[in-house]
Amino acid sequence: MTLLVIALGAALGAPCRYLVDVAVQARHDSAFPWGTLAVNVVGSYLLGVLATSGPHLNPLVTAALGVGFCGAFTTYSTFSYETLRLLESRATTLAAANAVTSVLAGLGAAALGWTTGRLL
């Protein structure tokens, strides 16, 4: 049953990632991967909330939302690829900004989510 709810969460997370990425990136005329940054920050926040709320939730809900949805919604592989692509195109400043911003914003969002979850 756990595997099924994880798959269902992932089946929702992946299309949501795509839609958010496309919507955010369409608003920016830049090589910087704003869409990927947005999904990773939002996903980090959601996972932070879930991490502290998890003990109060049904384990199947935690698996569906945490492993399934957040796992498919966020994307380390796309972040890595886009950073490498920026380096290959000699946009080193954008690549460095992407790496630093993604890590710091993701950690900050997770911490904020953790705090939010503790308050709920």
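Values quoted throughout were computed directly from the atomic coordinates according to the rules given, and no laboratory measurement underlies them. None of the values given here were measured: they were computed from a predicted structure. Neighbour counts are summed over all protein chains in view; Cβ atoms, including those assigned to glycine, are modelled from backbone coordinates with ideal geometry.
Of note:
- Take the conditions (1) farther than 28 Å from Leu120 by Cα; (2) over 13 Å from the mean Cα position of the chain (by Cα); Asp21 misses just one of them, which is (2).
- Single residue of Leu50, Leu60, Leu86 found to be over 27 Å from Leu4 (Cα atoms), touching a residue at least 24 places away in the same chain (Cβ under 8 Å) and not in a loop (DSSP other than H, G, I, E, B): Leu86
- If the condition is being surrounded by fewer than 19 Cβ atoms within 10 Å (Cβ to Cβ) and in contact with a Leu (Cβ under 9 Å, 6 or more places away or on another chain), then the stretch 100-113 contributes Thr101, Ala105.
- Subset of the stretch 62-99 (residues that are among the charged types (D, E, K, R) and buried (at least 18 other Cβ atoms within 10 Å of the Cβ)): Glu82
The rows are residues; the columns are (1) among the aliphatic types (A, V, I, L, M); (2) more than 18 Å from Arg85 (Cβ to Cβ); (3) over 13 Å from the mean Cα position of the chain (by Cα).
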site: Trp34; (1), (2), (3): no, no, no
site: Val41; (1), (2), (3): yes, yes, no
site: Ser44; (1), (2), (3): no, yes, no
site: Ala63; (1), (2), (3): yes, yes, yes
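- Yes/no for Ala10 being of a type in the set (A, V, I, L, M, F, W, C), under 21 Å from Arg118 (Cα atoms) and buried (at least 16 other Cβ atoms within 10 Å of the Cβ): no
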